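Below is one structure, written out as structure tokens; comments come after it.
Coordinate-derived values only; no laboratory data. If you're wondering where the values come from, they're calculated on a predicted model, not measured in any experiment. We place every Cβ from the backbone using ideal geometry, glycine too, and count neighbours over all the protein chains shown.
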Amino acid sequence: MTPLSPAVNSPSPVTAPSPGGALAFRGLWLFSPRADALIVALPLALALCTAAANVWLAPGAAEGAHRLSAWTAQNLLGNATHVILTFLLFAVHRDVLTSAPGQPRQVLAGSLGMLAVGTVLFFTFYAERTAHTYGVAVIFNVFGTHHTLSQHRGIWSLHGLRAGKAGLPGASALERKLQQMYVPLLLSLLLVRIFFVPEAPGPDAPAYLDIGQGAVLPHGTLGVLLAVWLGYFMLLFRTVLRAEAVSGPKVLYLLAMATATGLVLVAPTWGYVMLPGMHGLEYYMLTARMLEPREGDTPRLPRKFIVPAMIASMLPLLALGAVHGLLQQGVVRGALGSNMGVAETHPLLRAMTSLGFAVVLAHYFADALIYRFRIPSIRAVMLKRLGFS
């Protein structure tokens, strides 16, 4: 990955309204044309390859293809490996950590608490393996999905800021309302789908994530979930496209959000390739952007070393993911895909796995603090780091 171009700072002339009131799309890229396109195209292509393998290959080969695509989304596209980048950002730009009173203590306390959770997970694996597996599945799918959807909402907001800097009108009251609804509504739809709706219409079909709960809801419930999903996004696009001029990259991103969440509803096997892949790539781009030196900084990390430093910091988690991939038997499902629930019992490897879980949870906790844009001091620091000040 190459350093991101300063697209958010580049001036973009305001175009006159199109003749006859026709909708005009503006090329207001959030990162760069290539980066914005790759965030959508790579995860979608990977999900389509998984779908093609399921349709055209024999069951054993299709399972192997799904395992490889899930591993790629987690480890190369970054859903599992990006979590360490939060702490790299703290090391390079301490203003992110200290942007609100008491925030360093909160991050430290939360990280230590997540280390304690990882320790509990280590011992529960040996004490009661079934409870461990179910607990990991619930924790990481609930918190991981919430984290992913929250990042969607954040990038949606950044697209709005980018459009505003270029002179386009701000989001309407209805768009802001739909933006506020996005995380709770889509989180509810996705969790109901994967935990409570059978994966297939057959009478004995289990839920996509079967943790012993059985078939709680009939498969027909999927139609209701899809109707709510479709109604939400139809209203959203009707609202966004009502303006005479709109950011094309913003519309592209909203289409990607709709596609990824819709795939999880229709076919979780495919959706849990695209959704995590998008999340990891988004975080790569955001971190690379925020690691760049800004006016008034005393650079700790020269621009040319940003990408190498990111790669080096993620190598331990990538190595752990590679070991998991070699040991994995069958397709492991959910938010952490092939990095969750590996059937191995070596104490050192299990300890490293539990430590990895703790880092993921600490990353969730820290991000929930440092992206509280409603706090003025945090908003000022983070917008500076993102190039919007």
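Only the Cβ atoms of Lys and Arg (+1) and of Asp and Glu (-1) were treated as charged; on that basis the dipole of the chain about its Cα centre amounts to roughly 1180 debye. Please label the shape of segment 104-223 as rounded, prolate or oblate, based on the square roots a ≥ b ≥ c of the eigenvalues of the alpha-carbon gyration tensor (a/c under 1.5 means rounded; beyond that, a/b larger than b/c means prolate, else oblate). The shape class here is oblate. Across the chain, Cα pairs under 8 Å and at least six residues apart give a relative contact order of 34 percent.
A straight chain from Arg105 to Met181 at 0.36 nm per residue would run longer than the Cα-Cα distance by 24.3 nm. Summing charges over all other residues whose Cβ lies under 15 Å from the Cβ of Leu241, with Lys and Arg as +1 and Asp and Glu as -1, gives +2. For the chain, hydrophobic long helices are taken as DSSP H runs at least 30 Å long by C-alpha position along their axis with mean Kyte-Doolittle hydropathy of 0.5 or more; these are 33-56, 103-127, 173-196, 306-327, 347-370. When Lys and Arg each count +1 and Asp and Glu each count -1, what net charge do the other residues less than 13 Å away from Leu174, Cβ to Cβ, add up to? That works out to +3. Per-residue ellipticity at 222 nm from helix content only, as computed over the chain with -39500 (n - 2.57) for each DSSP H run of at least four residues, stands at -22500 deg cm²/dmol.
Reported to the nearest whole Å, the Cα centre-to-centre distance from segment 65-81 to segment 181-205 is 22.
Quick check: Cα centre of segment 343-388 to Cα centre of segment 258-307, how many Å? First find each Cα centre; the distance between them is then 13 Å. Within the shell of other residues whose beta carbon sits under 13 angstrom from the beta carbon of Leu121, the net charge comes to +1, with Lys and Arg scored +1 and Asp and Glu -1.
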